[in-house]
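To start, the structure under review is shown below, and the notes come after it.
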Amino acid sequence: MFEMSKIKVPIITIVIGEGSSGGALAISIGNKIFMLENAIYSILSPEGYASILWKDSTKVKEAAEKMKLTAKDLYDFKIVDKIIKEDEDFEKIASNLKNEILKEIKNLLSLSKNEIVEQRYQKFRQIGEFKEYK
């Protein structure tokens, strides 16, 4: 992650299914993070969370709800930059994803190499804002 954070080209990461564990940490180093609308993204699986918190891996659904790992949740928390709509037609999903990637590459390439690295650093630093929910 340390080495990746210094790369002087834009990094766009895309969560297409389940991003979890150490892979989720690596995904967070992107200048931009895109996520398919039905994907999940967290540093721990709901099964692992339930096992740790309640010592009961059958509480997966309750764990997933508490973890806030959906694309919408993560977009609201400003962790994910864009949610890619899904469709039953894979070709349409791929086309939407391609269009969003090309648009973002164009935006990111307008930055200098140092600005690209700084933007990535600032984005990463903002992840994890604490809010108490009651």
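Points worth noting:
- Yes/no for Val80 being closer than 27 Å to Gln119 by Cβ, buried (at least 17 other Cβ atoms within 10 Å of the Cβ) and among the aliphatic types (A, V, I, L, M): yes
Each row is one residue, and each column tells you yes or no for (1) among the acidic types (Asp, Glu); (2) touching a strand residue (DSSP E or B) at 6+ places or on another chain (Cβ under 7 Å); (3) under 19 Å from Lys82 (Cα atoms).
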site: Ser28; (1), (2), (3): no, no, yes
site: Asn31; (1), (2), (3): no, yes, yes
site: Met35; (1), (2), (3): no, yes, yes
site: Ser42; (1), (2), (3): no, no, yes
site: Asp56; (1), (2), (3): yes, no, no
site: Lys61; (1), (2), (3): no, no, no
site: Ala64; (1), (2), (3): no, no, no
site: Met67; (1), (2), (3): no, no, no
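- Residue that is within 19 Å of the chain's Cα centre (by Cα) and modelled with pLDDT of 90 or more, where the choices are Leu111, Leu69: Leu69
- Whichever residue in segment 7-58 is more than 11 Å from the chain's Cα centre (by Cα) and basic (Lys, Arg) and, among such residues, is surrounded by the fewest Cβ atoms within 10 Å (Cβ to Cβ): Lys55
- Residue in segment 94-110 that is without any contact (Cβ under 8 Å) to a residue 40 or more places away in the chain, of a type in the set (Asp, Glu) and at negative phi present: no
- Taking the numbered list (1) in a loop (DSSP other than H, G, I, E, B); (2) out of contact with any helix residue (DSSP H, G or I) (no Cβ under 7 Å at 6 or more places or on another chain); (3) modelled with pLDDT under 90 in turn, Ile29 passes all entries but (2).
The values are calculated or read from the model by the stated rules, or taken from the named source; none is laboratory data. Note that the coordinates shown come from a computational prediction; the quantities given were computed from them, not determined experimentally. Neighbour counts are summed over all protein chains in view; Cβ atoms, including those assigned to glycine, are modelled from backbone coordinates with ideal geometry.
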